[in-house]
1. Which residue pairs have Cβ atoms under 6 Å apart, sit 6 or more places apart or on different chains, and have a first residue in region 214-236 that is more than 24 Å from ALA29 (Cβ to Cβ) and of a type outside the set (S, T, N, Q) and a second that is surrounded by fewer than 12 Cβ atoms within 10 Å (Cβ to Cβ) and at pLDDT 95 or above?
2. Between GLY46, GLY65, which is at positive phi and not hydroxyl-bearing (Ser, Thr, Tyr)?
3. Can you pull out every residue in region 1-21 that is assigned to a loop (DSSP other than H, G, I, E, B) and surrounded by fewer than 16 Cβ atoms within 10 Å (Cβ to Cβ)?
4. Go through region 34-52 residue by residue and tally those that are without any contact (Cβ under 8 Å) to a residue 24 or more places away in the chain and either outside the structural domain of CYS129 (by the TED database) or of a type in the set (Ser, Thr, Tyr) (or both).
5. Taking region 65-79 only, how many residues are more than 18 Å from PRO222 (Cβ to Cβ) and touching a Ser or Thr at 6+ places or on another chain (Cβ under 8 Å)?
6. Of the residues ALA277, ALA246, ALA240, only one is loosely packed, with under 15 Cβ neighbours inside 10 Å and either in contact with a Pro (Cβ under 6 Å, 6 or more places away or on another chain) or within 28 Å of ILE295 (Cβ to Cβ) (or both); which?
7. Restricting to region 138-157, name every residue that is in a loop (DSSP other than H, G, I, E, B) and not aliphatic (A, V, I, L, M).
8. Determine, yes or no, whether ALA245 is more than 30 Å from ALA18 (Cα to Cα) and modelled with pLDDT under 95.
Amino acid sequence: MRHFTYERATDARAAAAAAAERPDAKFIAGGTNLIDLMRVGIERPGHLVDISRLPLAAITATDQGGLRIGAQVRNSDLAADLQVRRRYPALSQALLAGASGQLRNKATTAGNLLQRTRCPYFYNPAMPCNKREPGAGCAALGGFERSLGILGTSTDCAAVHPSDMAVAMTALDARIETISADGGERSLTIDEFYRLPGNTPHVETALEPGEMITAVTLPPPPRGRQIYRKVRDRASYAFALVSVAAIVEGDSRRLRTASLAFGGVAPKPWRARAAEAALTGAANDEHVAAAPIGIMMLSGARKPRSSHSS
């Protein structure tokens, strides 16, 4: 781990200004991902801005009937919050499906959104990786790895985003609130917040230098049933091979609305809008519903190599 300087921020704007002054600066709060990456030399910040004591750890109702989640709210606190469990159960389920209890006690809402990919080629310094070293190439594209993305990838990167929480927030139409060094504030949809790799896979979000997440806002809870499901190699502390946050409303005969977001398949949470449109008004039958989802989700998908390929 290289040497770095450290300061503790006193307010959000000062934190953003401090980070904007140094191109090699990073925010740190829970540190559950950043510290690991620093230890192995993937992240090498020259300056750390500690935002862990900023007053951004509240969960409050909004005037519109939704919920505002501070950037410093711990994952365990968010999963256990009564409003979240009752009104946004898919979010609580997604949080509890991620990491371990110990990590959830430290990890923050903003940190969860900003965590880096767990692609094994990203973590292996002997392998070229455009996320780790822009222009180096992508060893994953020619490798055998079933955890790679099949949607939204590019010729420069096939890594997937690891967050369970972000998948549920995508289905719930969450917005990301930020503050910049000059005090300016923005509100972005999750789709606007995350970027596809294109030819710059090292640029993962729309955040400007020094711009800091202050909160996530959820609209009023949608009608219907919410659920989060995750397929993984182990029962706990394993990242998704594929996951889905689904919100469906209807009656015994027909579906009226559907919101679907998938994890483990793309560089960001993947909103399946074409499948949602196909399900809207469809017969409420599992066999009828499954067909358009499968066809539309896999349309244009990259075919990964596997150890069984010839």
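The values are calculated or read from the model by the stated rules, or taken from the named source; none is laboratory data. None of these values were measured; they are calculated from a predicted model. Every residue, glycine as well, gets a Cβ built from its backbone with ideal geometry; the counts of neighbours run over all protein chains shown.
1. Within 6 Å, the pairs are PRO220/GLY65.
2. Exactly one of GLY46, GLY65 is at positive phi and not hydroxyl-bearing (Ser, Thr, Tyr), namely GLY65.
3. MET1, ARG2, HIS3, PHE4, THR10, ASP11
4. Here the count works out to 0.
5. 8
6. ALA277
7. CYS138, GLY143, PHE144, GLU145, ARG146, SER147, GLY149, GLY152, THR153, THR155, ASP156
8. Considered against the rule, which asks whether it is more than 30 Å from ALA18 (Cα to Cα) and modelled with pLDDT under 95, ALA245 comes out as no.
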